[in-house]
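Inspection log for the structure reproduced underneath, given as C-alpha cells.
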Amino acid sequence: MTTDTELQARIDAMCSNDRIFAYVLLAAAWIAIWFVVTQIAAIAPPGSFTTLVYASGLAICVFNTASIVAMVRHYQEDKNHIYGEDIAHLDANARHSGS
C-alpha cells in the first residue's frame, strides 16, 4: 500500500518524464520539418513557391508547438487523475502478475 506522499511523488515523476519527452519530440519535429523545408527549397525554383514552403513549414511548427504546450498544460492541471489511474493499473497488473 502506498502513502499519499509516495503516490504524489510517483505522479510528479511520471508527469515530469512525459513533459520532457513531449518537448524532446517537439524539438525533433522542428528539426525534421526544417530539414524537409530546406531540402524542398533547395530544389524548388526561387520565388513565391519557396516562400510558401517556408511559411507552410513555420505554420506547421507553430501549430504543433501550440498543441504540445496545451497538452502538457492539461496534463499538469489534471495530473492526479491522469497519472493516478495509470499508477493504479500498473500496481494492479504488478499484483496480478506477481501472484
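Restricting to the range 29-53, and then to whatever is modelled with pLDDT of 95 or more and aromatic (Phe, Trp, Tyr), can you tell me which residue is surrounded by the fewest Cβ atoms within 10 Å (Cβ to Cβ)? Among residues in the range 29-53 that are modelled with pLDDT of 95 or more and aromatic (Phe, Trp, Tyr), the one surrounded by the fewest Cβ atoms within 10 Å (Cβ to Cβ) is Phe35.
Among Val24, Val69, Val62, Val53, which is the only one that is in contact with a Leu (Cβ under 9 Å, 6 or more places away or on another chain) and either in a helix (DSSP H, G or I) or of a type in the set (Gly, Ala, Ser) (or both)?
On the way: Val24 fails: in contact with a Leu (Cβ under 9 Å, 6 or more places away or on another chain); Val62 fails: in contact with a Leu (Cβ under 9 Å, 6 or more places away or on another chain); Val53 fails: in contact with a Leu (Cβ under 9 Å, 6 or more places away or on another chain).
Every option except Val69 fails the conditions.
The single condition among (1) small (Gly, Ala, Ser); (2) at pLDDT 90 or above; (3) surrounded by fewer than 12 Cβ atoms within 10 Å (Cβ to Cβ) that Gly98 does not satisfy is (2).
Out of the range 78-99, which residues are outside any helix (DSSP H, G or I) and touching a residue at least 12 places away in the same chain (Cβ under 8 Å)? Don't jump to the end; show me each part of the working.
Keep residues of the range 78-99 that are outside any helix (DSSP H, G or I), which gives 78, 99.
Residues satisfying the conditions do not exist here.
The residue pairs whose first member lies in the range 56-74 and is within 14 Å of Ala22 (Cα to Cα), whose second member is of a type in the set (Asp, Glu) and part of a helix (DSSP H, G or I), and whose beta carbons are closer than 9 Å, counting only pairs six or more residues apart or on different chains, are Val72/Asp18.
Mind listing just one residue for me: the one in the range 59-89 that is under 17 Å from Ile33 (Cβ atoms) and β-branched (Val, Ile, Thr) and, of those, surrounded by the fewest Cβ atoms within 10 Å (Cβ to Cβ)? Let's see the steps before the verdict.
If we filter the range 59-89 for residues that are under 17 Å from Ile33 (Cβ atoms), which is where we start, we get 59-69.
Right, trim to β-branched (Val, Ile, Thr) and you get 60, 62, 65, 68-69.
Working: Ile60: 15, Val62: 10, Thr65: 15, Ile68: 16, Val69: 13.
Selected residue: Val62.
The values are calculated or read from the model by the stated rules, or taken from the named source; none is laboratory data. This is a predicted model, so every value here is computed, not measured. Note that we place each Cβ from the backbone using ideal geometry, even for glycine, and neighbour counts take in every protein chain shown.
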